[in-house]
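The values are calculated or read from the model by the stated rules, or taken from the named source; none is laboratory data. Because the structure is predicted, anything quoted here is derived from the model rather than measured. A quick note on method: Cβ atoms are made from the backbone with ideal geometry, for glycine too, and the neighbour counts reach across all protein chains shown. Accessible surface is based on the protein model in full, side chains and every heavy atom, while ligands, DNA and RNA are left aside. Shrake-Rupley method; radii C 1.70, N 1.55, O 1.52, S 1.80 Å.
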Amino acid sequence: MIKKLKFFLIVTFLFLSYSNIIYAQKPNDSLFKAFASYSKISREITFAHLNKSTYIKGETMGFTSYVLDKKSKKPSLLTTNLYCIIEDSNKTIVKSKLIKITNGVANANFNIDTTFTSGDYVFKAYTNWQKNFNEQNFYTQPFKVLNIDKENNNNNTDIAKHSIDAQFLPESGHAIYDVENTFGVITKNKYGNSIANVSGKVLDSENNIIISFKTNHLGIGRFSFTPSSDKKYNVELNIDEKKYLFKLNNIEKKGVTLNLKRTNSKVIISLKTNKKTQRDIKNEAYRLTIHNGDKLEIIEIDFRNKTEITSLINLSKLNTGINVFTLFNSENKPILERLFFNYNGINTLNKVTSSFSKLADSTIINLKFDASNYNNLSISVLPENTRSYNHHHNILSYTFLQPYINSYIENAKYYFTDISSKKMQSLDNLLITQGWSSYNWFNIFNNPPKVNYVFEKGIYFKANINNSKSNKFIMYPTQNNKSMVFDTSIGDSKFELRDFYPINNEKLNIAEFNKKGDLKKPGLYIQFYPSKISSIKNKIEVLKINSNFKNINTVNNVFLSSNLDKTQKLDEVYIESKKKEKRLEKLRRSSWGKIDIWNDNMRERTPNLMAYFSSYFATGIDSKGNPYIINRNANSLTGRTNPLVFLNDLPLLDLARISSIPMTTIDYIEINKSGIGEGIRGGAGVIKIYTNDNLMVSNNSKGKNYKSYKIPLTFSEDKKFYKPVYTSYTSDFFKYYGVIDWISNLKINNNGIASFKIENPKIKSIKLFIEGMTNDGDFISTTKVVNLN
C-alpha cells in the first residue's frame, strides 16, 4: 500500500512553531489545571550504587546513595534523612539504617552476616518525602546472598528457559485493522528474565508469512504490518529449534493509533485511524499532550476528512529524557499513550584514562577526567572477570527512565552505556511495550498528591516540661551538635529542637539550671520524630538477580577472615585510636611550632595556663601584678622578648585575660618559639591557644547532674568498609566473586584527577565500576579495566 502523508493545518503549524501550540495561555483548561495541580509539588529521586549484586555470607555491602531533584536532576538539598532497608523474599525487614545525606550524597554499609540465608533480597533507599507520591521515585535493588557451605550450584534460569512468556503489544496500546500497526515484542521466562535472540514470524490464517523479526539479547523486538479485517493472525517463535505458537488477538475493528519514529534530529508523529472510525470521529476534537512529569504541552488534533495526520518535531523541542505522549478524546478521557525517550541534553562524562603506581604494600590508582566539579564518585573495585556485579540499573537509567515506567526494567543500564543509535532504537522498542507511564491520569484528575510526609532534616525532639522553677535547661553536646541552652519563659510547657543528628545510639543528655545557676536533673517528657524505620511499599516488583553461580570449584572455607569474625571490631578500635594521630598530623602540616592536643587528664592536672607556659618560657608577675611571658632566646630584630599570644586566632593584647580561661575549655595549644611564619613581629615567638566551649560542658557532665534520654532512632555512621581475607586469590571463586575494595566518597581535584589507594591486589587486572554526579547535574557511569602489570 502506498502511504500518502497528509498534513492538517494545525499539526503542520506544530512543525513550524511547536512552542506556540502550548495551552499556557489557557490556564483555566481543566486538563491543564489538573496536571498543574498534580505536578506542582517537587519530587525527589533516589539512586544507590551497591558494590556488588551477589554477596557471600561474611562480606560487607558498601553503598553510596544519590538523592536528586526529579525536575532539575541535580542534588537535592531539601532532605538529610535517608532510610535504607533490606527485605527478604517475604518482605520482612532484616536490616535497616538511617543515614545522613550531605549535598545529595550518603554513604554506609551493611554486614552480610548470620542474619542472612541463601536467597534473594531487596535493598531500598528512600526519603520520607517520597511517600507522598504515587510514582515510585525511591530506589529498589534486588541482590542475592550465597552461603557457600550450603549452595548447591544450581542455576534455576536454565530450568525455566522454556517456560515462555511472550507478549506482542501494539504501539500506544491499540492496533486496528486496515492500518499499518507496530507491535513491541517481549520474550521472558517464568521468573521475568529475558529470553534472548528469539526468531519469530507473523502468520495469517492461511499460514502465509507476513513478516519476520528477531529479538535482541534482552528479549525485546518489534514488527510492523497492516492487518486485514477478514483474517486472523498468529505469531510463531523459534527457541532452541522448538516452535511456539501464539495468537495475535489484540487487533480492534475501530480506534486510533499513535506511531513515533526517530530520525537523527527529529521525531515523526503519526496519528492513524481507519475509514470506519473516521466516519464516527470526524466531528470530534482530540488533543495530544506531551509531558515529562513537570510541564504539559497540548496540541489540538482534528480528523476531519483525514485518516492519518503526520508531522515532525525537533528533538531539541522535546524534554530531555522521557516524553509521555497521550491522546485525549472529546470527553477529555485518555485513550492511548506512547512513551518516547530523548537523549538530547543528558550530560555525561564517561571518558576516563587511568594510571597507577606502587607504594610499599599499596597501589595508587589515578583516574583522569575531563572535568573537575564532581560532587561525588563511588567505585567498586573487583576482579576483571567478576560475575558478582550484575545490577539492572546505573545512575542514568534510574534517574531518567525507571521512575517514569510502570514495570521494572531488566538491564536498563545497557541503554545508557556507550550510547549509540542501535541502543536508542533498542530503548524505543522497549518503550513500545511499556503501555501507560507511572503518571496515572485517573490520579492526575482525581488524586493530586497531598503533603502528609515532610522533608526531614535530622531528628526533631520536643521536651515537655513537667515541673521547673527556672525554666532554663542545657543540652550537652553530641558528636554532631553543640551544647545548647534553652531559656524558656515562665509558664512555657515545652522546648524543642530540629536538625538534631545523634549517631550510633548516642543519648540525649539534658540538665536544668536551678536558681543559683547550678545544674540538676530535669523533669522532662521527651518525644522524638522520626522514632522508627518503617518500610515503603513497592509500586512495581523488582526482577531477581541471576548469580550465574555454577561450575565453580569451591571449598567450604573461602575466607580466612570476614565480618563474621571479630576482626572488624578490632579495626574499628584501631580507627578510633588513629583519629587523634590524624588530627595531630593535619595540625602539624599547617604549623611552624609544637602542637599539644589536650586531653581530660591534662585539663584536670594543669592549674592554669601560666603554669603550663612556664615549661617553655620565663613567666611571672611584675611589680604591678600583671603576668608576663619572656622568651630568653628571642631572635627579634626589634628587641622584643615577649612572644605574641593569640586566642582562637585573635591577638590577646592583655595577658591578664589568660587567668580567666577555664582549663576545661582548652582544645590544643601551639608553641612556636622561633616565631617563623609571623614575620618580624614573631621574632620573640608565638603562642596560639584554641578553646572549645563544648569541652567544658562535657567535663561538667561527670557529676551526673543531668538526665540521659534514650533516642529511639539515631543515624548510622559511615564506617570503614571491611574487605574479607580469602584463602586463595588464584581460585575461580575469587576471580568471579571476590572483593578488592569499595571507594565510597571520592572527589575530583582541580586538575580533573581522582586518586585512591588500595592494598596491592594479588591479581593482574582489576575492573572499576564507577558512578557519580556533579552539583550541576552532570553524570558519570562507566567501567574501567586497569591492567596492573
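Note on region 639-782: Kirkwood radius taken over Cα pairs, Stokes-Einstein applied at 20 °C and 1.002 mPa s, translational D equal to 97 µm² s⁻¹. Per the Debye formula on identical point scatterers at the alpha carbon atoms of region 459-529, with no solvent, log10 I(q)/I(0) at q = 0.20, 0.22 Å⁻¹ is -0.82, -0.98. Of Asp487, Asp204, Asp69, the residue with the largest accessible area leads and the full order is Asp487, Asp69, Asp204 (1.4 Å probe). Taking 17 Å as the straight-line reach from the Cα of Lys306, the lysines in range (excluding those fewer than 8 positions away in the same chain) are Lys3, Lys4, Lys6, Lys254, Lys272, Lys275, Lys276, Lys282. Please determine, in degrees from 0 to 90 and to the nearest 10, the orientation of helix 421-432 with respect to the longest principal axis defined by the Cα atoms of the chain, where the helix direction is its Cα long axis. On a 0 to 90 degree scale, this one is about 70.
Taking the average, over residues, of other Cβ atoms within 10 Å as the packing measure, peptides 760-773, 627-640 rank 760-773, 627-640 from highest down. Summed over the residues of region 162-313 and divided among them, the accessible surface reaches 45 Å² per residue at a probe radius of 1.4 Å. Split the accessible area of region 164-252 by element, probe 1.4 Å, and carbon with sulfur accounts for 42%. Applying the criteria of a DSSP loop state and at most 11 other Cβ atoms within 10 Å to the GluC sites (Glu not before Pro) of region 161-243 yields Glu206, Glu241.
Could you tell me whether region 340-490 comes out rounded, prolate or oblate from its Cα gyration tensor? Rule is a ≥ b ≥ c as square roots of the eigenvalues, rounded for a/c under 1.5, then prolate if a/b exceeds b/c, otherwise oblate. The shape class here is oblate. Using the alpha-carbon positions of region 294-366, Rg (one decimal) and Dmax (whole number) come out as 23.9, 81 Å. Using the structure shown, list the pairs from Lys582/Lys757; Lys52/Lys720; Lys317/Lys537; Lys358/Lys720; Lys243/Lys423 with a Cα-Cα distance above 24 Å, or answer none. Result: Lys317/Lys537; Lys243/Lys423 exceed 24 Å. From most to least packed by mean Cβ count within 10 Å, the peptides 43-52, 256-265 give 43-52, 256-265.
Overall, the anisotropy analysis places region 593-673 in the prolate class: the square-rooted eigenvalues a ≥ b ≥ c of its C-alpha gyration tensor yield a/c not less than 1.5, with a/b exceeding b/c. Percent of Cα pairs in the chain per distance bin of 10 Å, from zero to the largest separation: 2, 11, 17, 19, 17, 14, 9, 6, 3, 2, 0, 0, 0.
Our note on the geometry: Cα centres of region 207-273 and region 296-318, 23 Å apart. Taking Cα atoms only, the orientation of helix 567-589 departs from the longest principal axis of the chain by about 60 degrees.
Taking every DSSP helix (H) stretch of at least 4 residues in the chain, weighting each as -39,500 (n - 2.57) and dividing the sum by the residue count yields a mean residue ellipticity at 222 nm of -3500 deg cm²/dmol.
With respect to the chain, whose longest principal axis is taken over its alpha-carbon atoms, helix 30-39 is tilted by about 30°. With N as its number of residues, region 422-561 has a Cα radius of gyration that, divided by 2.2 N^0.38 Å, comes to 1.88.
Peptides 121-133, 528-540, 91-103 ranked from most to least packed, by the mean per-residue count of other Cβ atoms within 10 Å: 121-133, 91-103, 528-540. In region 164-252, the alpha-carbon atoms span a convex hull of 86 Å³ per residue.
Measuring against 24 Å, Cα to Cα, the residue pairs Lys188/Lys544; Lys144/Lys214; Lys124/Lys368; Lys144/Lys413; Lys74/Lys482; Lys95/Lys544 contain Lys144/Lys214; Lys124/Lys368; Lys74/Lys482 as the ones spanning a longer distance. Classify region 196-321 from the C-alpha gyration tensor, please: rounded if a/c falls under 1.5, else prolate or oblate depending on whether a/b exceeds b/c. Judged from the Cα gyration tensor, region 196-321 comes out oblate (a/c at least 1.5, b/c at or above a/b).
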